[in-house]
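Down below is the structure, laid out as structure tokens.
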Amino acid sequence: MSLMRSEDYLPRPAVIQKIIAENSQIKTFVLALADQQANQAFTYRPGQFMMVSLPHRGEAPISFSSTPTRPGTIELSVRRAGSLTAAMHALQAGDQVGLRGPYGRPFVMEDLQGRDLLVVAGGIGLAPLRSVINGCLDTPGHGKLTILYGSRVPSDIAFRGDIDIWQHHPAVTCHLTVDAPEPGWDGPVGLVTGLLGQVKVDPASSTALVCGPPVMIAAVLTALGKMGFADEEILTTMERHMKCGIGVCRHCHLDSKLVCVDGPVFSRAQLKKLQMDRL
Amino acid sequence: MRDDAMDQAFILAKDHLKSFLRKVKKGHRLVAPVTNQHNDTLFCTINHLDRVPINLTEQAQNGIKSFLFPQQETLATYAVSADGYRFNRTDVRPEPTVYFGVRPCDLMAVLYMDVVFMGGVKDQHYLEKRQDSVLIGLNCNAPFANCFCSATKSGPFLETGFDLMFTDLGDRFLVEVGRPKGREMLQAWQQFFTPAEAEDTRAQYQLSLEAMAGFRLDVYADQAIQRLAAGLVPESVWEQLSLRCQDCAGCAYICPTCTCFTIVDRPAGPDCGERLRSWDACTFAGFTRLAGGHNPVAHKIHAIQTRFLHKLKYDVDKHGRPSCVGCGRCVGICFGGTDIVRFIKMAGED
Ligand SMILES: Cc1cc2nc3c(=O)[nH]c(=O)nc-3n(C[C@H](O)[C@H](O)[C@H](O)COP(=O)(O)OP(=O)(O)OC[C@H]3O[C@@H](n4cnc5c(N)ncnc54)[C@H](O)[C@@H]3O)c2cc1C
Ligand code: SF4
Ligand code: SF4
Ligand code: FES
């Protein structure tokens, strides 16, 4: 991203190609910019986000859940949380949203090249990490992937299509857990931190990627530290209220940092330098 | 006038000021401080130089922030039609503007806004207003009651950052040339200016010494900055301040360097509307509230911390200087006494 870039705050229209209901709360929107040329030229990186507009609803930051290794469309997976996201859930294929971006510091895929990855996600937190996982699997020379995914209940498990592929992939180990079981569930019950003890990963050759609710992130970061992961090799994404996406409005401040430009991806080492009591 | 002669200072006789400004007005909108019938001194657009007297003796209540970064501005209009969901820019290009009589603190504040809005990704709406503006400053021979710019190193006299800088020498102004736009302006209207003599620059130096001695408040900003950096400011300071903050955001709105904003949609009909940006304040409850209700800055005490840490710690780390320019406006406006001068005093105490 060039520092000389300028921002006019004008979203570009994008057409919904397809909608995938991941669970009762999350839908994945497959989108293409209405301007075909712009759509072809569009690039982004895992961990970055778009500002999504809906008429009268303003904007919300949403991470890419798709990988740039599969160009042509982008995917945004949206959990129904309030006004804009609920309105988005009411849309149909063929409808339009406004998009501006991409924004934010990404996961640096080059740094992950060849390393084993330990992915720990909760709920919608799998969305940005799905971008990394599928990006890695699309790139020759990737290491082993261990994916731990926690959901509230079994019917909340999102991205089932991907999970099915990952569970059958020779380089991937994928474990699911739920906070509370439902009839028919014979998998583990409990927090995702409980799965950490059961997996075989070598902290020296692995990078951990963590995304989920703030309390989960805090617990997982501590547990990973105890397992021997270096702070630089624990990466997470931070959620903050955002308005501009370019580091001027200050809504996303996290101590001296602005999450929209200094993040949303941070290493544990970076976070430790900040006052984490306000996480 | 030769180019290399431009480094020196010039003299504009006070009798010629109006004629000079009249010429300036031909190609620019002129913004300068004016005292209105309510006795408020405010920067405003001057349409008739003969009807409104420019006031160069009071401190303007507003500064020039709102001209470059309006309290509310339309970023775009939107419409949903058979064409889809489209955003358009409607506003006309801003007029080239000369800001005249800008005090050093307010001038430094504009330079700070330049860093915020143009230092990284360039904010197009700010950039368009800023790129065609000329800053003509006025050094302060006599600081006002709440001024403390000497403590924040942003006045009362400035040597750089301006396009032109005026110093009042009684019957004449000493005019210094700074950035290229000032040089162009002087060259275009050189008939009004004569080279300054050594005695003029001596007189200016003398005035600057008197100004430095004229501050009425003792504000030890460096001490507070150092104690913040070292983590020596006790929690009780924040607690006491937060008890009296009424969440009115007066300090943020009046402050020439507070630039937080929000963006909202305002429907104009079922299928169209405007996207507006308006001033916001980090001290407001809800500034950082997330969907789901989780708020990382939930307590008043944190909101107060955010404001002062931003000005006196984060910006010192990032830009090498505080983003409080010592204009003293928040001192006058805060009825709870939760202003930055109070904070600096409390933070500096053992
Ligand atoms: C970098 C980044 C990436 C993100 N990626 C994703 C993603 O991939 N997928 C995803 O689903 N989400 C993502 N999010 C979160 C998403 O942006 C928010 O869920 C979204 O902005 C909610 O917008 P909304 O209009 O639907 O909710 P809002 O209507 O703004 O708020 C929803 C809820 O917040 C609370 N609330 C908000 N304002 C108030 C108020 N004034 N008073 C009281 N309560 C209030 C209420 O509980 C309300 O129901 C991301 C966030 C960030 C910062
Ligand atoms: S703070 Fe300094 S520069 Fe600003 S008006 Fe007062 S004396 Fe002048
Ligand atoms: S914090 Fe107060 S004194 Fe400092 S620049 Fe802002 S209004 Fe002026
Ligand atoms: S969203 Fe505006 S500064 Fe980060």
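The values are calculated or read from the model by the stated rules, or taken from the named source; none is laboratory data. Here the structure is a predicted model, which is why all the values come from computation and not from measurement. FYI the Cβ positions are ideal-geometry reconstructions off the backbone, even for glycines, and counts take in every protein chain you see. Just so you know, the surface numbers come from the protein's heavy atoms only, side chains and all, with ligands and any DNA or RNA stripped out. Shrake-Rupley method; radii C 1.70, N 1.55, O 1.52, S 1.80 Å.
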Problem - Extreme residue, farthest from B:K311 (Cα to Cα), among residues of region A:232-256 that are of a type in the set (D, E, K, R) and within 20 Å of the chain's Cα centre (by Cα) - result: A:E233
Exercise for the section: For residues that are crowded, with 22+ Cβ neighbours inside 10 Å and closer than 14 Å to B:V102 by Cα, tally how many sit in region B:150-165. Expected result: 8
Exercise for the section: Pick out the one residue from B:D200, B:D123 that is in the same structural domain as B:A60 (by TED's automatic domain parsing) and within 16 Å of ligand 4 (Cβ to nearest atom). Expected result: B:D123
Fill in the blank from the handout: Among strands (runs of 3 or more DSSP E) entirely within region B:35-130, at least 2 residues that are more than 11 Å from chain A (Cβ to nearest Cβ), more than 19 Å from A:C244 (Cα to Cα) and modelled with pLDDT of 95 or more occur in B:41-45, B:97-102
Practice task
Enumerate the pairs (first residue in region B:87-111 and farther than 20 Å from B:L138 by Cβ and in the same structural domain as B:R130 (by TED's automatic domain parsing); second residue anywhere and assigned to a helix (DSSP H, G or I) and open to solvent by less than 50 Å² (accessible area, probe 1.4 Å)) with beta-carbon separation below 6 Å, excluding pairs fewer than 6 apart on the same chain, so at least 6 apart or on different chains.
Solution key: B:P94/B:E128; B:P94/B:K129
Handout entry: Residue, surrounded by the fewest Cβ atoms within 10 Å (Cβ to Cβ), within region B:277-287, restricted to residues that are in a strand (DSSP E or B) and more than 10 Å from chain A (Cβ to nearest Cβ)
Key = B:S278
Completion exercise
Within region A:110-137, of all residues that are open to solvent by 40 Å² or more (accessible area, probe 1.4 Å) and within 30 Å of B:G120 (Cα to Cα), the one farthest from ligand 2 (Cβ to nearest atom) is A:Q113
Exercise for the section: Give the residue, chosen from B:T283, B:T259, B:T288, that is on the phi < 0 side of the Ramachandran plot and modelled with pLDDT of 90 or more. Expected result: B:T259
Handout entry: A:M88 within 22 Å of B:G120 (Cα to Cα) and either at the interface with another protein chain (Cβ under 10 Å from one of its Cβ atoms) or at pLDDT 95 or above (or both)
Key = no
Handout entry: Single residue of A:G47, A:G94, A:G82, A:G98 found to be in contact with a Lys or Arg (Cβ under 8 Å, 6 or more places away or on another chain), among the small types (G, A, S) and within 11 Å of chain B (Cβ to nearest Cβ)
Key = A:G98
Exercise for the section: Select from region B:105-154 the residues that are among the polar types (S, T, N, Q) and under 22 Å from B:E176 (Cα atoms) and write down the one among them that is farthest from ligand 2 (Cβ to nearest atom). Expected result: B:Q131
Practice task
Determine, yes or no, whether A:E59 is more than 13 Å from every other protein chain (Cβ to nearest Cβ) and open to solvent by less than 40 Å² (accessible area, probe 1.4 Å).
Solution key: no
Problem - Answer from A:P203, A:P154, A:P183, A:P188 - the residue that is over 30 Å from B:W279 (Cα atoms) and open to solvent by 60 Å² or more (accessible area, probe 1.4 Å) - result: A:P183
Exercise for the section: Test B:S323 against the stated conditions and say whether it is within 30 Å of B:G155 (Cα to Cα), within 16 Å of ligand 2 (Cβ to nearest atom), polar (S, T, N, Q) and at pLDDT 90 or above. Expected result: yes
Fill in the blank from the handout: Of (1) surrounded by fewer than 22 Cβ atoms within 10 Å (Cβ to Cβ); (2) closer than 22 Å to B:K313 by Cα, A:V259 fails just (1)
